[in-house]
């Protein structure tokens, strides 16, 4: 159900993560979020950082905001995307030097930046039945939402991707491990929605990555769909399913990937919006949207998170226009390819990519006779070289 984007035409957003301000040096370091707020230094830095991220997005003119994933510590390769959850679950202890789901699948070897990322991750070992921990998703969302009148989207890693960072030495099969974790996460997501969060993004189920492997069967896709649906069952919010081709240390995990085999399966999940990385391939997969009927909305990434070149508004507008050849404007959402991370791209570059994203969308809106978003960051009246005019 489109609780947020109903009636919105070409709304803009970013995926989730945003570079930390340089002065934000504190971190959770495994602590429960609400407990850490009792630490005066962390509390001040965290609240100020979220306010800063919110303000940056508002200045850029984005319609749907995020908290920048500010709960994540500044760690190698975006480690906290996995470990914010892993550090707070029961049933695990110890660690292994490499994850079971990366080192083999992607052929990562010493000397590659992603091997260094792997060495830093140290995945935990599942030694007992998993049990829920204090994730505090509702509290995290409330902190951000009270800072703005815009909708704040809350994103979290999917259970089926999270288990790729676990060494399973307890469950008879990986499927049983995944389904148990889905039930734990489902309860957290239900509580998040019940607290008032109307837009929840589940990140990186396995459909698109596994579609790159010719050995992936229809039974595999059916299980990925079953697991996703189980995770969001009964969650009373607009559900987005986010896909991209990787972001650890601003790196892609797959070269020259395609959504071709995954799209029909992604359109079967219980999600309202599916996001696709498009800017990284210069729109190679856009025509695929014309081959499949769906009532879901489609979010396309129009700026690339893996390079430091800020796209021009005209480049953004070109991608949007090409997408509109296959997706009607009322079902198209404009986003970033993925999150911007915390160690690869600077905050200034991420900010200007958001500005360009909205400016490019405004070009298309103008051509369609739609209202444009105000982009305060691009208002010439506020430039130092602007003539001395009265500011209304």
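Summary table
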{"read-out": "Rounded to 5, percent antiparallel among DSSP beta bridges of the chain", "value": "15"}
{"read-out": "Estimated FRET transfer efficiency (residue 97, residue 176; beta-carbon r; R0 25 Å; 0.05)", "value": "0.50"}
{"read-out": "Whole-angstrom gap from segment 103-177 to segment 1-78, using each part's C-alpha centre", "value": "18"}
{"read-out": "Most fluctuating residue given options 107, 68, 16, as computed from a GNM of the chain linking Cα atoms under 10 Å", "value": "107"}
{"read-out": "Residue among 79, 153, 96 with the largest mean-square fluctuation in a Gaussian network model of the chain, springs linking Cα atoms under 10 Å", "value": "96"}
{"read-out": "Over the chain: helical MRE at 222 nm, DSSP H runs n ≥ 4 each giving -39500 (n - 2.57), nearest 500", "value": "-10000 deg cm²/dmol"}
{"read-out": "On Cα atoms only, tilt of 218-232 relative to the major axis of the chain in degrees", "value": "70"}
{"read-out": "Among 195, 335, 295: highest mean-square fluctuation, GNM of the chain, C-alpha pairs under 10 Å", "value": "295"}
{"read-out": "Segment residue 368-residue 6, extension gain: residue separation times 0.36 nm, minus the distance between their alpha carbons", "value": "128.5 nm"}
{"read-out": "Separation in nanometres of the label points that stand 7 Å from Cα toward Cβ, at residue 187 and residue 23", "value": "4.1"}
{"read-out": "Two-site FRET efficiency, residue 309 against residue 128, from Cβ-Cβ distance with R₀ of 56 Å, rounded to 0.05", "value": "0.75"}
{"read-out": "Between helix 347-368 and the chain: long-axis angle, C-alpha atoms, 0 to 90°, nearest 10", "value": "60"}
{"read-out": "Cα-projected label distance for residue 236 with residue 293, points at 7 Å along beta-carbon direction, nm", "value": "3.2"}
{"read-out": "Fewest-first ranking of 170, 351, using other Cβ atoms within 10 Å as the exposure measure", "value": "170, 351"}
{"read-out": "Cα-based shape type of segment 286-392, given that a ≥ b ≥ c are square roots of the gyration tensor eigenvalues and the cut on a/c is 1.5", "value": "oblate"}
{"read-out": "Shape of segment 60-133, Cα gyration tensor, a/c cut at 1.5", "value": "oblate"}
{"read-out": "Theoretical FRET efficiency, 1/(1+(r/R0)^6), r = Cβ-Cβ of residue 322 and residue 229, R0 45 Å, to 0.05", "value": "0.90"}
{"read-out": "Shape category assigned to segment 52-185 from the gyration tensor of Cα positions, a/c cut at 1.5", "value": "oblate"}
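No lab work stands behind these numbers, since they all come straight from the coordinates. Keep in mind that this is a model prediction, so the values were computed, not measured. Every residue, glycine as well, gets a Cβ built from its backbone with ideal geometry; the counts of neighbours run over all protein chains shown.
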